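Novice: Below is the structure I would like to discuss, written out as structure tokens.
Where a number appears in this text, it was derived from the coordinates with a stated rule and is not lab data. Keep in mind that what you see is a predicted model, and the values were worked out from it rather than measured. Every residue, glycine among them, receives a Cβ derived from its backbone with ideal geometry; neighbour counts consider all protein chains shown.
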Amino acid sequence: MLTCKQASQLISQSLDHPLSWYELMQLRLHLMMCGACNRFRKQLNVLRVGLRKIRANVENDSAIQLPLDAKARIVEKVRSDQHAK
Ligand SMILES: [Zn+2]
């Protein structure tokens, strides 16, 4: 049985790369029983979708009239934030 700490680490990892079958089973089992980790996973998903939208907007929306270097910095920042998760 995973601890909440281990479960939340697996949830974070699953954003960056697919979990192994074993990790996934362990995590599913934990999520069936743990409301706190379920909420954590939902929040992380919302955050991830939000970040992706922001990044797409900044990269593709020509209506955003930022100096090019500022735009690049924002994209870079969002990217590194997402990577750090
Ligand atoms: Zn938990």
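Novice: Taking Cβ-Cβ under 4.7 Å as the only way to count a partner, pick out the unpartnered cysteines of the chain.
Specialist: C4
Novice: Sequence gap of 8 or more, or different chains, plus Cα separation below 15 Å: how many lysine pairs satisfy both in the chain? Before the final figure, lay out the partial values.
Specialist: Numbers: K5/K85; K42/K85; K53/K71; K53/K77; K77/K85.
Going through the chain pair by pair, I get 5.
Novice: Next up: Quick one: which residues, 5 or more positions from C34 or on another chain, have an amide H under 5 Å from its amide H? H modelled 1.01 Å from N in the peptide plane, none for Pro or chain starts.
Specialist: Long-range HN contacts for C34: none found.
Novice: Let me ask you something else. How would you rank L24, L31, going from fewest to most other Cβ atoms within 10 Å of each one's own Cβ?
Specialist: Numbers: L24 13, L31 17.
So the ranking, lowest neighbour count to highest, is L24, L31.
Novice: Angle between the Cα long axis of helix 4-16 and the longest principal axis of the chain, 0 to 90 degrees, nearest 10?
Specialist: So the helix axis and the longest Cα principal axis differ by about 40 degrees.
Novice: Could you please rank V78, V49, placing first whichever residue has the fewest other Cβ atoms within 10 Å of its Cβ?
Specialist: Values: V78 16, V49 10.
Fewest to most other Cβ atoms nearby, the residues stand as V49, V78.
Novice: Let me ask you something else. When the Kirkwood hydrodynamic radius is evaluated over all pairs of different C-alpha atoms of the chain, what value in angstrom, to one decimal, is obtained?
Specialist: Working: mean 1/r = 0.0688 Å⁻¹.
After inverting the mean inverse Cα-Cα distance, the result is 14.5 Å.
Novice: Using unit Cβ charges (K, R positive; D, E negative) and no other charged atoms, how large, in debye to the nearest 20, is the dipole of the chain about its Cα centre? Intermediate values should be presented prior to the final figure.
Specialist: Working: 14 positive and 7 negative charges, 54 e Å.
It comes to approximately 260 debye.
Novice: In degrees from 0 to 90, rounded to the nearest 10, what is the angle of the helix 35-60 Cα long axis to the longest principal axis of the chain?
Specialist: So the inclination is approximately 20 degrees.
Novice: Now for a different question. Note the angle between two axes, namely the Cα long axis of helix 21-33 and the longest principal axis of the Cα atoms of the chain, as a number of degrees from 0 to 90, rounded to the nearest 10.
Specialist: That works out to roughly 80 degrees.
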